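All remarks here apply to the structure that follows.
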Amino acid sequence: MAKPIVAIVGRPNVGKSTFFNKISGQRISIVADTPGVTRDRIYFQIRWNGRDMVLIDTGGIESRPQDEIVSYIKEQAELAMETADVIIYMADIRAGVTAEDRELAAFMKRSGKPVILAVNKVDSIGELPLEFYEFYELGYEYGPFALSSIHGTGSGDILDQVCELLPPQENEEDDKELINVAVIGRPNAGKSSLINKILGEKRLIVSDVAGTTRDAVDSRVENKHGVFNLIDTAGIRRNARINDSIEKYSVIRSKLAVERADVCVLLIDASDGTAFQDARIAGIAHEVGKASVIAVNKWDLIDKDNETVKNYTKEIYNMFPYMTYAPVVYISAKTGQRIDRLFEEINAVHLQSLKRITTGMLNDLLNDATSRVQPPTDKGRRLKIYYMTQTGVQPPEFVIFCNKAELFHFSYQRYIENCLREAFGFRGTPIRLVIREKGESAPEL
């Protein structure tokens, strides 16, 4: 059974994201004094009074949107309300009851969902200010509740009310293994369009305005390939092009999304070709040690012949020489071309990143490798390799014990890595080699 959903909605800048972050205990939603900062729906699972629920932060609703982005924000908030079991409508005591609050109250009641009114920025301790009682005129059945998002006061009362309104709890079967997939790439590569195509709904804002996605947005999907949490991330630009603080914070959020992913899908715009910035983004996933698939989007727009795929793949690997282990899939987010193949590769590289090899098999490989290519020497001293053992997965990590670590040149490490890949696969995942000298503590297995 799916977790019940609780949507936080309200006008711009009333403190929805601050409340969301306070409840989740993490800085998941971007918080700034600029209206419209939270553009998509941001999800986080919480547990309160023994109930699991999914909390959704939404962009600020304006009853009469004036531009394209604001219109999209309203649409996303409405979608959140449609899927929610309970809605928390947040107002701002400092602004008082506004005409928009009244208009949106009528809209909320038409939704047919239970709506809790939370009046935020009640930061004083003691008696409630007189302005608080004005909010009773909005006529919500549940509330108003006094809230201070910054301090967290009043949030427990609101969550208690949420639990009372949630549908009855049923026994839930354990989910199949869920794979977290971060979709990364330059701005306008088609990340949101790809996720929308997979989900079959306008789940994420799609626009030609660069930087539309500012938060890392989670979307859960279950299909014939398994259960996946798709993380749409802000397009990462060169540092020199990051001008405002919100976008800088978005880039940080994208990097954090990579860290919590099991698999990264690096999306490249086929019509724009590979660029230095693509290599930089790929490097983030590689350095963090994430299994990766390179997806070339908008392939339907390319004029092709028998050599096109071969030449484009060669160009990609020339641009990312450290990432030749990653499979390349040519897709179209617009038409859905090869999206099934993309999921097959996501599953495959995820399994490869979890692969474990016994110490006996590793040392048989090591003996064969060192007999084929002698270890290097330096000033009469030869590198002696004693044994190798695997100490971790995601990414697969191997510790090699030798006589002198300084003799274990990078080129020979690369040779050993290639031998590991030749023998055991590890397609789509980085491999980490840790070199230790004899006498150092043996690793814990």
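The values are calculated or read from the model by the stated rules, or taken from the named source; none is laboratory data. Just so we're clear, the structure is a prediction, and the values are computed from it rather than from any experiment. Neighbour counts are summed over all protein chains in view; Cβ atoms, including those assigned to glycine, are modelled from backbone coordinates with ideal geometry. In case anyone asks, the SASA skips ligands and DNA or RNA and just uses the protein heavy atoms, side chains included. Shrake-Rupley method; radii C 1.70, N 1.55, O 1.52, S 1.80 Å.
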Inset, instruction - Could you pull out every one of the strands (runs of 3 or more DSSP E) wholly within the stretch 344-445 that has 2 or more residues that are surrounded by fewer than 16 Cβ atoms within 10 Å (Cβ to Cβ)? - result: 385-392, 432-437
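Out of the residues in the stretch 304-343 that are assigned to a helix (DSSP H, G or I) and touching a Ser or Thr at 6+ places or on another chain (Cβ under 8 Å), which is farthest from residue 184 (Cα to Cα)?
As a first pass, look at the stretch 304-343 and keep what is assigned to a helix (DSSP H, G or I): 308-319, 321-323, 339-343.
Then drop every residue that is not touching a Ser or Thr at 6+ places or on another chain (Cβ under 8 Å), which leaves 315-317, 319, 323.
Details: 315: 19, 316: 16, 317: 18, 319: 17, 323: 15 Å.
Checked the stretch 304-343; the qualifying residue farthest from residue 184 (Cα to Cα) is 315.
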Inset, instruction - Working only within the stretch 123-159, note down all residues that are part of a helix (DSSP H, G or I) and open to solvent by 60 Å² or more (accessible area, probe 1.4 Å). - result: 130, 131, 133, 134, 136, 137, 157
Legend entry - Pairs where the first residue, in the stretch 386-415, is without any contact (Cβ under 8 Å) to a residue 40 or more places away in the chain and under 13 Å from residue 434 (Cα atoms) and the second is of a type in the set (A, V, I, L, M) and surrounded by fewer than 15 Cβ atoms within 10 Å (Cβ to Cβ), C-beta under 6 Å, 6+ apart: none
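Pick out the one residue from 66, 76 that is open to solvent by 20 Å² or more (accessible area, probe 1.4 Å), of a type outside the set (D, E, K, R), out of contact with any Pro (no Cβ under 8 Å at 6 or more places or on another chain) and modelled with pLDDT under 65.
66
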Legend entry - For residue 113: the one exception among (1) open to solvent by 40 Å² or more (accessible area, probe 1.4 Å); (2) without any contact (Cβ under 8 Å) to a residue 60 or more places away in the chain; (3) over 33 Å from the mean Cα position of the chain (by Cα): (3)
Legend entry - Residue under evaluation residue 99, criteria (1) modelled with pLDDT of 75 or more; (2) surrounded by 15 or more Cβ atoms within 10 Å (Cβ to Cβ), criterion not met: (2)
Legend entry - Selected residue (only one of 208, 244, 269, 278 is at pLDDT 75 or above and open to solvent by 10 Å² or more (accessible area, probe 1.4 Å)): 269
Inset, instruction - Within the stretch 160-197, work out how many residues are polar (S, T, N, Q), modelled with pLDDT of 85 or more and open to solvent by 80 Å² or more (accessible area, probe 1.4 Å). - result: 0
Legend entry - Unique match (being modelled with pLDDT of 90 or more, open to solvent by 10 Å² or more (accessible area, probe 1.4 Å) and of a type in the set (Val, Ile, Thr)) among 328, 263: 328
